[in-house]
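Notes follow the structure.
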Amino acid sequence: MKLQMTICELFQTDALAKAFSKVIKPPMIILFEGDLGSGKTTFIKSLVKFLGSNEVVTSPTFTLLNTYQGRFPIYHFDMYRLSSYEEALAVGFEEYFDKSRLDGVCLVEWPDNVEGLINDADFVVRIEKINDKTRKFTIEEFKK
Ligand SMILES: Nc1ncnc2c1ncn2[C@@H]1O[C@H](COP(=O)(O)OP(=O)(O)OP(=O)(O)O)[C@@H](O)[C@H]1O
Ligand SMILES: [Mg+2]
């Protein structure tokens, strides 16, 4: 599956999240790439809503991980403040990325900061800022 060249304004970002949410089920790992302020957390807020949680989604910049309960557990990571695989191990993140034990879905911002930690993601969402209001989204299956 590859969904590409979708130029989204904010309300369309929500609609894209709704469509994407329909293919998400445990155990899945989804990576979110894009510059600061590109819209990773914003898209995840919509996704979490469509995955059946009405919890408030905030950026886990300082907590590193927020957990929400939707139709299944949703683990929202922000690796921005980590800078290596070893640091991710030190905070105990390894267990979440073992598919045989994963009881929910992992949504991961800044996965490149912990290279080597996640080896079998399912999808990569890339977001590119076009201007103040529009973003280009590319969603594709993760290639190992
Ligand atoms: N079409 C759009 N889709 C998503 N966000 C948009 C769009 N247009 C504007 N925005 C705005 O862009 C900002 C994106 O911020 P957000 O925190 O989601 O980015 P982020 O990629 O998670 O950044 P960080 O790397 O700091 O975690 C929000 O203020 C959001 O309202
Ligand atoms: Mg963010």
Give me D for the stretch 1-129 in µm² s⁻¹, whole number, from Stokes-Einstein with Rh from the Kirkwood sum over alpha-carbon pairs, 25 °C and 0.890 mPa s. 166
Pairwise centroid distance, computed over Cα atoms, of the stretch 8-29 with the stretch 30-95, Å: 15
Among the aspartates and glutamates, which fall within straight-line cross-link reach of K22, defined as a Cα-Cα distance under 16 Å, with same-chain neighbours fewer than 8 residues apart omitted? D14, D122, E140, E141
Using DSSP to call loops (not H, G, I, E or B), can you name the GluC sites (Glu not before Pro) in the stretch 56-144 whose Cβ has at most 12 other Cβ atoms within 10 angstrom? E115
Sparse-neighbourhood loop hits (trypsin sites (Lys or Arg not before Pro), the stretch 12-49; DSSP loop; Cβ within 10 Å at most 11 others) -> K22
Which of S46, L36, Y85 sits closest to the plus end of the dipole of the stretch 1-135, meaning its Cα is farthest towards the positive end, when Lys and Arg get +1 and Asp and Glu get -1 on the C-beta? S46
So how strong a dipole does the stretch 1-131 carry about its Cα centre when Lys and Arg Cβ are +1 and Asp and Glu Cβ are -1, to the nearest 20 debye? 660
Among A88, A121, A19, which one moves the most in a GNM of the chain with springs linking Cα atoms closer than 10 Å? A19
Can you tell me the orientation of helix 40-50 relative to the chain, as the angle in degrees between its alpha-carbon axis and the longest Cα principal axis, to the nearest 10? 90
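Read-outs throughout are calculated quantities, based only on the coordinates presented, and are distinct from any laboratory measurement. This structure is a prediction, so every number in the text was calculated from the model and none was measured. We place every Cβ from the backbone using ideal geometry, glycine too, and count neighbours over all the protein chains shown.
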